[in-house]
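A.B. asks: Supplied in structure tokens, the structure appears directly below.
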Amino acid sequence: MSRRNKILLIIAIILILAILALLLFLSIIKKPAAVPGGKTPPVTLPKVQNLTPRQAETPKTSPADTTRQTLEALARTFAERFGSFSNQINYQNLADLNPLMTPAVKAWVGTYINKLKAVNPPSGPFYGITTRALNVVVKILDADNADAVVGTQREETKGAASPVILYQDLKLTFKRVNQQWLVDFVKWQ
């Protein structure tokens, strides 16, 4: 047997002995301590209290708070859709807001669309604005009328030019018609 083989054999024997020693050590550690008398100690379970779950208390909201929340959501939605349009889609998103507007505002929006088409026709270079509502302040005037101001961030793109970022407020007046809040006045400030 060569010297190299003898060294490998000795290393293998040492490794086997080390593994056996480790297994013996682990088996001694895992054994539970013997109880005098050879009996197993009784298992005691913690006491569980009989708890009846409480129903979560829902905060009471007044009708004015509910109306304010409804108007905030409507103002935010209207401002983002009204302020975002493109000549490539023929300003269709403005016309899509008709169910949220009184007849007077529908007529005004029709005129507004015609002005936009005259300045930036659908066949011309791209023109579009994307609007994001940042905050909404609602002032309820009475049960059937309310005002809101929506703070917006607008990104205007014309042709290949870099987009321009604008911050504008949109003033809205709402009117309740047949138990539904409709936009009765619109003005960029």
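A.B. asks: Cβ under 14 Å from Ile10's Cβ, Ile10 left aside: what net charge do those residues give with Lys, Arg +1 and Asp, Glu -1?
C.D. replies: Local charge sum for Ile10: +3.
A.B. asks: Can you tell me how much longer the chain between Ala21 and Lys60 gets when fully stretched, taken as 0.36 nm per residue apart minus their C-alpha distance, in nm with one decimal?
C.D. replies: Extra length available between Ala21 and Lys60 comes to 7.0 nm.
A.B. asks: Got a sec? Which residues in the stretch 3-22 would a label at Ile29 touch, if it sits 7 Å along Cα→Cβ and we count backbone N under 16 Å?
C.D. replies: Inside the label zone: 18-22.
A.B. asks: For the pair Leu141 and Ala160, how long in nm is the line joining their label points, each one 7 Å along Cα→Cβ?
C.D. replies: Going from the Leu141 label point to the Ala160 one covers 4.9 nm.
A.B. asks: Follow-up. Need the full-extension length gain, Asn178 to Ala118, defined as separation in residues times 0.36 nm minus the C-alpha distance. One decimal, nm.
C.D. replies: Full extension of this stretch gives 18.0 nm more.
A.B. asks: Next up: Compute the signed sum of charges (Lys and Arg +1, Asp and Glu -1) over the other residues within less than 13 Å, Cβ to Cβ, of Tyr112.
C.D. replies: +4
A.B. asks: Using the Karplus equation 6.51 cos²θ - 1.76 cosθ + 1.60 (θ = phi - 60°), what ³J(HN,Hα) coupling, rounded to whole Hz, does each residue of the stretch 61-66 give in order, writing x for Gly and Pro?
C.D. replies: 10, 7, x, 5, 5, 5
A.B. asks: Moving to a separate point now. I need the per residue convex hull volume for the stretch 64-188, using only the alpha carbons, in cubic angstrom as a whole number.
C.D. replies: Each residue corresponds to 87 Å³ of Cα convex hull volume.
A.B. asks: If amide hydrogens are placed 1.01 Å from N in the peptide plane, which non-local residues have theirs closer than 5 Å to the one on Met101?
C.D. replies: Long-range HN contacts for Met101: Val183.
Bear in mind these aren't lab numbers, they're just calculated from the coordinates by the rules spelled out. Values in this document were obtained by computation on a predicted structure and should not be read as measured data. When we count neighbours, we look across all protein chains shown, and the Cβ atoms used for this are built from the backbone with ideal geometry, even at glycine.
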